[in-house]
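Working notes, beginning with the structure itself.
What follows is calculated from the coordinates using simple rules that are stated; it is not laboratory data. Only a predicted model underlies this, so the values are computations on that prediction, with no experimental measurement involved. Cβ coordinates were reconstructed from backbone atoms using ideal geometry, including for glycine residues, and neighbour counts include every protein chain displayed.
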Amino acid sequence: MRKNIVAGNWKMNKTLQEGVALAKELNEALAADKPNCDVVICTPFIHLASVTPIVDSAVIGVGAENCADKVSGAYTGEVSAEMVASTGAQYVILGHSERRSYYGETVEILEEKVKLALANNLTPIFCIGEVLEERQAEKQNEVVAAQLASVFTLSAEDFSKIILAYEPVWAIGTGLTATPEQAQDIHAYIRSLIAEKYGNEVADNCSILYGGSCKPSNAKELFAKPDVDGGLIGGAALKVADFKGIIDAFK
């Protein structure tokens, strides 16, 4: 059966010292009150080697926010999947809308990143989702279908190792949130595409997270929908009380 997951994306926030303190605080909070779902924190690259050893890996998984589409070599400033894995991290966010829009990441680039992540035993949290104009034009279904091309070249076995995150780009950091019904509709559509490609069993076992201004006040309602398996959390992941409030939506 698929897992319920709450993953935090710290983005470009927190110094190393602040990040270590945040990870310790979350670790203590979840040690005192065990979560009823998988919990992942995805941190800036410089935090990974320091954060991974201080959290209880049975309770909190650690991931990167990106990795390179090359194995190694003269790529100044890049961090490879192998380097991420060498820190003890287990996850990597790929295809986030900010990477697509600010850094021009294409379907082809992301296909390479996914393959390299899997080759290094990292679990990709692969993001898809539409911008406001596409939602207003009712093109969200064709947008997510096109973005899934990066992962639909995988074998069924490899596809089964990834987590999907649907993020309505118009709802990230804007305070706008897809209604639970909107989230359910597109999550169900995404699952139907997986079933079409890989069969019902693979589709039923794929965790699809919602990412877009999810907070303690709306998490329970969103997560109650049958095809919403948790959240990829931005701003609310930077405060333990807020992040734990979302995690507790599964209690």
Next on the checklist: Between the range 197-251 and the range 59-125, how far is it from one alpha carbon centroid to the other, in angstrom?
Outcome noted: 22 Å
Checklist outcome for this item: Sequence order, the range 95-101: Karplus ³J(HN,Hα) from phi using 6.51 cos²θ - 1.76 cosθ + 1.60, θ = phi - 60°, Hz rounded, Gly and Pro as x, gives x, 4, 4, 5, 5, 5, 7
Item to check | Cleavage-rule hits (GluC sites (Glu not before Pro)) in the range 67-153: DSSP loop, at most 11 neighbouring Cβ within 10 angstrom | outcome: GLU138
Item to check | Partner aspartates and glutamates for LYS239 [C-alpha distance under 19 Å; skip if fewer than 8 residues away on the same chain] | outcome: GLU18, GLU25, GLU28, ASP33, ASP38, ASP56, GLU65, ASP248
Item to check | Cross-link partners of LYS244 among lysines (Cα-Cα below 26 Å; sequence separation of 8 or more within a chain) | outcome: LYS3, LYS11, LYS14, LYS24, LYS34, LYS161, LYS215, LYS220, LYS225
Item to check | Estimated dipole of the chain in Debye, rounded to 20 [Cβ of Lys and Arg +1, of Asp and Glu -1, Cα centre] | outcome: 520 debye
Item to check | Cβ charges +1 (Lys, Arg) and -1 (Asp, Glu), total dipole of the range 116-190, debye | outcome: 200 debye
Item to check | Distant-in-sequence amide H partners of GLY211 (H built 1.01 Å from N, under 5 Å) | outcome: TYR166, GLU167, LEU232
Checklist entry - For the chain, what's the relative contact order in percent, using C-alpha pairs closer than 8 Å and at least 6 residues apart? => result 22 percent
Checklist entry - Where is the GNM fluctuation largest for the chain (alpha-carbon springs, 10 angstrom cutoff): ALA58, ALA236, ALA156? => result ALA58
Next on the checklist: Once you keep just the Cα pairs under 8 angstrom separated by 6 or more residues, what percentage relative contact order results for the range 3-52?
Outcome noted: 64 percent
Checklist entry - Of LYS3, LYS34, LYS113, how do they rank once you tally other Cβ atoms within 10 Å and put the fewest first? => result LYS34, LYS3, LYS113
Checklist outcome for this item: Mean shadow area (nm²) of the C-alpha convex hull around the chain is 12.3 nm²
Checklist entry - Roughly how many debye, to the nearest 20, is the charge dipole of the range 71-201 about its Cα centre, given +1 on each Lys and Arg Cβ, -1 on each Asp and Glu Cβ, and no other charges? => result 220 debye
Checklist entry - In whole Hz, what ³J(HN,Hα) sequence does the range 150-160 give by Karplus (6.51, -1.76, 1.60; θ = phi - 60°), x for Gly and Pro? => result 5, 10, 7, 8, 6, 5, 4, 4, 6, 4, 5
Checklist outcome for this item: The local net charge around GLY173, scoring Lys/Arg +1 and Asp/Glu -1 for residues other than GLY173 whose Cβ lies under 13 Å from its Cβ, equals 0
Next on the checklist: Give me, ordered by chain and number, the residues 5 or more places off VAL92 or on other chains with an amide H under 5 Å from its own placed amide H.
Outcome noted: ALA64, THR123, ILE125
Next on the checklist: Charges on Cβ only, +1 for Lys and Arg, -1 for Asp and Glu, centred on the Cα centroid of the chain; of GLY234, PRO216, ALA117, which one is farthest towards the dipole's positive end?
Outcome noted: PRO216
Checklist entry - In whole Hz, what ³J(HN,Hα) sequence does the range 121-131 give by Karplus (6.51, -1.76, 1.60; θ = phi - 60°), x for Gly and Pro? => result 6, 9, 8, x, 9, 9, 9, 9, x, 9, 8
